[in-house]
Amino acid sequence: MKKSLVATAVVGALGLTSSAYSAEIFNKDGTSFDVYGNLQFAFWSLQQDDGSGDIDSSNEFGDNGSTIGFKGEHAVADDLTAYFKFEFESDADEIKTGNGLDTGDQAYFGLKGNFGDGRVGSWDALIDDWVQDPVSNNEFFDVSDSNSAIQGISGLTTSGDTSTDREGDKLQYISPEFNGFRFAAGFQFKGSSEAENISDSDKAAFFGGAEYTTGPVRVAFVYDSLDNYDGDVTGRQNLDVDGNVAGSYDAGDQFGISVQYSVNNDLRLAVKVEQYNSGDDDFVADESRYALGARYDYGRGDIYGTYQFVDVGDTQFSNLAGGAVDGSDETFNELVVGTTYEITPALYTFVEGAYYDREDDLGDGIAVGAAYLF
């Protein structure tokens, strides 16, 4: 689940603009500063592992990604603007006993102008923004993606391991648009002394993509080298085919293509092909994904859904819960459907359901919730 980001997926789900839901604190002489955010609560019922290997129904009321953010910009010249964004999250359902704004979300600054847009800091992976989100970027559930191949308790890195960082330490450039075409290129840098670097040397992993828009059609391609995940896996939970924890690992690479088509102002369709090529399938399998998504604006909200076919290759261990632990290929049919309803322009509710086709219905569930944008 992605727990939609304020002023992006949450606002976008209702076809609204983020500027309508931010408080302008200062705007003078080309310098502006805004505060924005949301409160999100939800109740969900899921089929989850109870910690002993048994799959049971689990019910919970909780925070669904409440966020507060700060953004600003300064006009350096007629064609050059400096800008920043700083976002934080908290468990708003238990804010009294929690740690306040205890989780960072995005933090970056940059320059934009006729030359394009260059930034440095921490934000979503490019393949997330350009390939995965157009097909499925919902309120609570989402279909799986190939990021799980290197993240999480069954991926290359463990859930408690700082090397799961896909968003931080990045430098990115996005070109201006040329007749509908633009490209992006960047690096994620990990110094040799950083705790999340799983090798003993400096690393700069390349990622990049291209996007073309013509009329109602938008096509995007993204590639990520995943070089920061090549390294020594000794001491991690990953085992080779003989059951030994040892050795170095080639993480492989990741790429995807998405196509969006706006049928009209109310209906948008999207398809995705996403591939993770493992560098060493003794540890993690190849993964292929083919997805179709649709979103319809009925006036007071959206009705949306995504179907995805997942093909996991042959490996000793799977990076998908309930997957190919016996070394055989596995396929899954995933389905997420939902709807939102606008109570006021700043307050909406949602209902979502998900089916993941895993053993013992792992991950299947339903969620209802609400979000207030400010």
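Since every read-out is calculated from the coordinates, none of them should be taken as a lab result. Everything numeric in this text was worked out from a predicted model, so none of it was measured. Methodologically, a virtual Cβ is constructed for each residue, glycine included, from the backbone with ideal geometry; neighbour enumeration extends over all protein chains shown.
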> Taking the radius of gyration and the Kirkwood hydrodynamic radius from Cα positions alone, what is the Rg/Rh ratio for region 43-123, to two decimal places?
Replying inline: 1.24
>> Which one, Ser90, Val120, Gln106, projects farthest toward the positive side of the charge dipole computed for region 81-123 from Cβ point charges (K/R +1, D/E -1)?
In response: Val120
> Cα centroid distance between region 54-90 and region 252-293, in Å?
Replying inline: 25 Å
> So, by mean Cβ neighbours within 10 angstrom, what's the order for 22-35, 340-353, 266-279 with the highest one leading?
Replying inline: 266-279, 340-353, 22-35
